[in-house]
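What follows is a set of notes on a single structure, which appears directly below.
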Amino acid sequence: MIKLIATDMDGTLLKSNGELPDEFSTVLNNLIDKGIMFCVASGRQYFTLRDNMAEFKDKITFIAENGACIYKNDEELFSKTLDRAMAKEVLEDLNKLPDCKAVLCGEKSAYVLDKSIEFIDEVRKYYHKCTTANSFDEIDDEFFKIAIYDPKGPANNSNLLLSQKWSKKLQLTISGQVWLDVGRTDINKGTAIKSLQSKFGITEAECMAFGDYYNDVPMLESVYHSYVMENAPDGVKKHGRFIAKSNDACGVIQVIKELP
């Protein structure tokens with residue numbers, strides 16, 4: 001029997017236009033009636049996820065910042081932050097790549113040092129609570145991760161530069177076509193799922209997860225019922241036991257509707 005379902009947002013639960021599937025409300029209410037925990041797991045900050053799912057926020061467990069924190073009913077169930085000195089050094093190294101810009105993903109807010117309107121508009125798609133700062137040292141917060149905006153594509157740019165120095169100390173995860181997440185080596189969506197499994201006494205066999213990108217792989221590997229979206233890169237598909245229809249075909253909802 002399934003007791004926990006976790007899904008990524010972009011490219012997975014959400015359609016390409018950013019909207020939820022039409023049947024989402026009905027399906028979610030059915031899950032709640034059955035006592036099944038429903039989680040959204042995303043690289044987005046908690047404040048953004050809560051806004052995105054405002055109508056359903058009391059029925060959903062939020063795994064934010066790629067697993068660095070978990071919230072349920074506005075209560076923090078789990079969180080781990082970066083070493084500040086290490087975060088500052090990463091930013092200094094990133095300055096060697098002038099096309100790249102950083103988002104410091106904090107507990108209180110996200111922060112950007114680059115104040116260009118175009119960049120801030122892009123950041124606020126994912127970080128609704130975002131603050132500009134003049135320097136790293138003036139920010140009074142702890143950071144879950146650093147999200148790097150790399151318009152050249154992180155695979156052959158920022159990831160290559162930073163991994164030479166940081167791959168053994170920090171976890172570098174390509175989380176989108178132009179995004180690279182830098183976080184703790186002991187944090188990912190999978191560790192968040194394992195934390196929930198432990199806290200609520202749920203086994204891997206009682207969990208289902210959906211994802212479409214590389215940052216979803218640890219989550220997929222933490223459950224038995226692992227579904228990769230049809231629209232996912234081929235490199236991700238090998239990490240799931242099953243394939244779900246694409247996000248635009250509402251694959252997540254279609255699979256869930258088949259549950260007894």
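The values are calculated or read from the model by the stated rules, or taken from the named source; none is laboratory data. Since the model is a prediction, treat every value here as computed from it, not as a measurement. Counting neighbours? That spans all protein chains shown, and the Cβs are built from the backbone with ideal geometry, glycine included. Side chains included, ligands, DNA and RNA excluded: accessible areas come from the protein's heavy atoms. Shrake-Rupley method; radii C 1.70, N 1.55, O 1.52, S 1.80 Å.
Side notes on the structure shown:
- Nitroxide proxy distance, nm - points 7 Å out along Cα→Cβ at Asp58 and Phe136: 4.3 nm
- Assigned charges on the beta-carbon of Lys, Arg, Asp, Glu; the chain dipole about Cα centre (debye): 560 debye
- Distance between region 108-131 and region 202-227 - C-alpha centres, whole angstrom: 30 Å
- Available extension along the chain between Leu97 and Glu221 is 41.3 nm, counting 0.36 nm per residue and deducting the alpha carbon span.
- Rg of the Cα atoms in region 207-260, relative to 2.2 N^0.38 Å, amounts to 1.01.
- Listed residues Ile32, Ile5, Trp179: farthest to the positive end of the dipole of the chain (Cβ charges): Ile5
- Neighbours of Asp8, meaning other residues whose beta-carbon lies under 12 angstrom from its beta-carbon, give a summed charge of -1 when Lys and Arg score +1 and Asp and Glu score -1.
- Projected over every direction and averaged, the convex hull enclosing the alpha-carbon atoms of region 5-97 yields 7.6 nm².
- Highest average packing first - 134-147, 210-223, Cβ atoms within 10 Å: 210-223, 134-147
- Translational diffusion coefficient (Stokes-Einstein; Kirkwood radius from C-alpha pairs) of region 71-140 at 25 °C, 0.890 mPa s, in µm²/s: 183 µm²/s
- Cα point-scatterer Debye curve for the chain, base-10 log of I(q)/I(0) at q = 0.07, 0.10, 0.13 Å⁻¹: -0.23, -0.47, -0.79
- Working value for region 149-243: equivalent-ellipsoid semi-axes of 26, 17, 9 Å, each the square root of 5 times a Cα gyration tensor eigenvalue, largest first.
- Accessible surface, region 1-93, averaged per residue in Å² (probe 1.4 Å): 41 Å²
- Computed over the chain, the per-residue total of -39500 (n - 2.57) for DSSP H runs of n ≥ 4 gives a 222 nm mean residue ellipticity of -7500 deg cm²/dmol, rounded to 500.
- Here the chain carries DSSP beta bridges of which approximately 55% are antiparallel, counting only pairs with both residues inside.
- Residue separation of Ala85 and Lys169 scaled by 0.36 nm, minus their Cα-Cα distance, works out to 29.0 nm of gained length.
- Percentage relative contact order, the chain, counting C-alpha pairs under 8 Å, at least six apart: 21 percent
- Between Glu75 and Ser198, the distance separating the two model label sites (each 7 Å from Cα on the Cα→Cβ line) works out to 1.8 nm.
- Under a model in which nothing but the beta-carbon of Lys, Arg (+1) and Asp, Glu (-1) is charged, region 186-249 shows a dipole of about 120 debye around its Cα centre.
- Among residues other than Tyr149 with Cβ under 10 Å from its Cβ, the summed charge is -3 (Lys and Arg +1, Asp and Glu -1).
- Summed side-chain charge close to Leu161 - residues other than Leu161 whose Cβ falls under 13 Å, Lys, Arg +1, Asp, Glu -1: -1
- Taking a point 7 Å from the Cα of Glu230 along the Cα-to-Cβ direction, the residues of region 5-47 with backbone N closer than 19 Å to it are 8-24.
- Each label was represented as a point 7 Å from its Cα along the Cα-to-Cβ direction; for Lys108 and Asn17 these points are 4.0 nm apart.
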